[in-house]
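The structure appears right after this line, and notes come after that.
No value in this document is a laboratory result; all are computed from the given coordinates. Everything numeric in this text was worked out from a predicted model, so none of it was measured. Here Cβ is always computed from backbone atoms with ideal geometry, including for glycine, and neighbour counts include all displayed protein chains.
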């Protein structure tokens, strides 16, 4: 199994993964007479999508730097030399050599509670639509309840992606962390991936408690199982 990774698409304005997951769930579920199943279009926020480096405009960090989302929903750290930029629904980042990149994307769940199967199916559908090709490798539920999906693919520009995605719902939010090698094996960046993933923390507001959110708050994201070639 390979370590973690992410995605971003600067040339096209596409749905954020978190918002797209909600939208796809709404489109595939049968409506109930007493409640509206499909989420409002306002749930969909602009965000990065799987492709080559996010080309952040910020200068590379001289040492490890931690980013905390302005509302306190999540925080994440990057190794020395990484650049990052905020997006409409999270943050995108890239290594100094531009061959390893990632993003955190989040969106409101609009009061819905999605199970692991729904999250996995919707994320896979979204990637299939966005990429030139995609090959699913493994899916594994992590101890904290999140779902890790290992995959490889090729974006619309022909760049080979070797990636890991982590999707989860915490409280009333859906989060997606993507990490990916760009025309390079993911395993070349295992150390960077472990640093990033071990620093990734989700901390939903106290006003949006849920049984799952208590397991995630103040804990590291995922165990680091290296991704195998």
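At-a-glance table
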read-out: Relative packing of 87-98, 65-76, 149-160, which averages over residues the other C-beta atoms within 10 Å, highest first; value: 87-98, 149-160, 65-76
read-out: Extended-chain gain in nm, criterion 0.36 nm per residue less alpha-carbon gap, residue 98 and residue 136; value: 11.3 nm
read-out: Estimated FRET transfer efficiency when R0 is 30 angstrom, pair residue 125-residue 66 (beta carbons, to 0.05); value: 0.35
